[in-house]
Amino acid sequence: MKAPPTIIPNPDGNRTLLVAAWEWGKVLGRLKVTFSDSGAVDSWEGNPVPVTADIAEDPTAKRMVETLTVPIANLRQQVIGQTTRGLNGNREVVRRRESTMANVLADAALAAAQNAGAQLAFVNGGGVRASINAGPITFDEAITVQPFGNTLTVLTLTGAQIRAALEHGVATWSENKGQFLHVSRGVSYTFDLGRPAGSRVTAVTLNGQALVDAQSYKVAMNNFTAGGGDGFTMFGGAPRLDTGTLDVDILVRYLQGRPAVDAEPEGRIVIINEPKP
């Protein structure tokens, strides 16, 4: 726990605590919860425990790690695909403008959700954690790009909800936040930074046709975004299907099904009135 729990009501009206222990194994989250006789949360306390070099090794855990070291290393080095140009997932790019890395992830998500009827896909910029250099792509690179173990979810959204999500994504453009949304092939949107937050998106198209606010569309995205992460509250209550398929597995299958990925910016995201550096 790096911050107090987020408290949300569950279907029976009791409290559910949402917690996270920061990132990359830097801390161990300690959470102590007291429940009532009926199973409701009464109270809680906790703190992050930094994982530092002065913590003694656990011999049993050490043996387990040593046993798995070689097979995991072999898995990480497996080649799963090729890219001719490299895929740009740089933080400064992926949280502000079209990214070739995010484009590939969005296309992979859409391909994986075709059987569920998905028509487009979103990828949040904060979920893209690395670039991939030109040449062979390893499993290690794939899991470094998407290290969170998110699963693929398909939501049924109106055009108005999609537009609201895109507006939310660009509302904090200057702050480099993770809510910036990338879109799959066939989708394009334009936003104007000369306009106030909440009214920046000026055009959204799907396969060359303007999005219709009252029409329903099936949209693939990871379960973090679908669950309201990064402030996407407009997705609450939307009909959904969580496929249970891991994001890294989706990317692996997508890359394995192609001889090579030759990605470059396609104009999926158009920025108007971008401030000069």
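The numbers here are math on the coordinates, done by the rules we state, and not lab data. Please read these numbers as outputs of a predicted model, since none were measured by experiment. So basically every Cβ, Gly included, is an ideal-geometry build from the backbone, and we count neighbours across all protein chains shown.
A few points about this structure:
- Counted over region 1-138 with a bin width of 5 Å, the fraction of Cα pairs per bin, in whole percents, is 2, 7, 10, 10, 12, 13, 15, 14, 11, 4, 1, 0, 0.
- Maximal additional length on extending the VAL41-ILE8 stretch stands at 10.7 nm, based on 0.36 nm per residue less the C-alpha distance.
- More than 14 angstrom apart: percent of Cα pairs within region 6-50: 55
- Exposed loop sites here mean chymotrypsin sites (Phe, Trp or Tyr not before Pro) with a DSSP loop assignment and at most 16 other beta-carbon atoms within 10 Å; the chain contains its longest site-free run at 149-277.
- Total lysine pairs under 29 Å (Cα atoms) in the chain, excluding pairs fewer than 8 apart on one chain: 9
- In angstrom, the C-alpha Rg and Dmax of region 87-272 are 15.1, 44.
- Gap separating the Cα centres of region 18-92 and region 98-125, nearest whole Å: 26
- Max mean-square fluctuation residue, GNM over the chain, Cα-Cα springs under 10 Å, options ASP58, ASP107, ASP242: ASP58
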